[in-house]
1. In the chain, what is the count of Lys pairs whose alpha carbons are under 28 Å apart, counting only pairs at least 8 residues apart or on separate chains?
2. Pull up the DSSP beta bridges for the chain and report the antiparallel fraction as a percent, rounded to 5.
3. Please state the shape class of segment 1-64: rounded when a/c is under 1.5, otherwise prolate if a/b exceeds b/c and oblate if not, all from the C-alpha gyration tensor.
4. For the chain, max minus min Cα coordinate along each principal axis, in Å, sorted largest first?
5. Take the Cβ-Cβ distance between Arg3 and Asn220 as r, set R0 to 35 Å, and report the resulting FRET efficiency rounded to the nearest 0.05.
6. Tell me the per residue accessible area of the chain using a 1.4 Å probe; a whole number in Å² is fine.
7. Rounded to two decimals, what is Rg over Rh for segment 106-189 when you use alpha-carbon atoms and the Kirkwood radius?
8. Leaving ligands and nucleic acids out of the surface, order His175, His162, His50, His187 by accessible area at 1.4 Å, largest first.
Amino acid sequence: MDRLTALRVFVSVVEQGSLSAAGEQLEMSRAMVSRYLAELERWMGARLLHRTTRRLSLTGPGEEALLRARTMLTLGEEMEQLAVQSQDAPKGLLRITSSYSLSEALLVNIANDYLARYPGTAIDILLLDRTVNLVEERIDLAVRITNDLDPNLVARRLGTCHSVVCASPAYLASHPVPQQVQDLALHNCLTYTYFGKSLWQFDGQQGPQSVPVSGNLSANISNLLLAATLAGTGISLQPHYSVKTHLERGELVALLPDWQPKQMGVYGVYGTRKQMSPLLRSFLDFMVARMAADPLWR
């Protein structure tokens, strides 16, 4: 039995919640997944999972085995990267997480160019508009827009995210155009669950201002708020990279030009600098160079 593969199967079953889902992720048949689990349990001499027709749950030995399995898989990946240190071209798999909008505007294009330059590499992108546990999800890199960094993680600044308050011409045709930031409190403001849900912050000639906002629509995915803004539902605070084309086409109108919404940093976040792989370092260097050359991110 390939024990490393068996451990990978075990972890996937736990994370995916079923043998069938794990099989799809690992491109194995359900029967093969079941065989690996049975062989692993036989080798360890303990039952790792309670199996019923509706759900799977970890046994006591299974919970302990899961922690060690994840550690061993991480170690195995690091071993695969050792050979990269003596080679010019990076090789291996990089797991990255990012938000939907940031991935669409930035990450996918950079990943495509990186893969074309380094054929020996592969990238697995997990799209989530929420913060994930990098260790538990076995993520190498999180590309995040934030000013609130986790002190337990390492972060490298990649660029700056500029934002804009905007609305559609249809919305502005039936509502007064806000002249001061405090006017936003009188409007239907569409808010993002993870940032600025009830308070938008600005800098202007009169100094910093914070405005309480509310509206009839909130979402945990910024792309949904953009679609609603385009449809004339209300005013939203959007990353400039998401609305640049819509502003140029006249589909959206930028509001309050004398006020700058609070800028956010774009960061590459990872677990530890000590165990940073050459592949991760190479990709981060590639991202920094690309974003430095684009005025949108400066």
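The values are calculated or read from the model by the stated rules, or taken from the named source; none is laboratory data. Only a predicted model underlies this, so the values are computations on that prediction, with no experimental measurement involved. For neighbour counting, all protein chains shown are included, and Cβ atoms are generated from backbone atoms with ideal geometry for every residue, glycine included. Just the protein is used for accessible areas: all its heavy atoms, side chains included, with ligands, DNA and RNA removed. Shrake-Rupley method; radii C 1.70, N 1.55, O 1.52, S 1.80 Å.
1. Total qualifying Lys-Lys pairs in the chain comes to 4.
2. Close to 70 percent.
3. Oblate, because a/c is 1.5 or more while a/b does not exceed b/c.
4. 71, 50, 33
5. Result of the calculation: an efficiency of 0.35.
6. Value returned for the chain: 54 Å² of accessible area per residue.
7. The Rg/Rh ratio comes out at 1.13.
8. Result of the area sort, largest leading: His50, His175, His162, His187.
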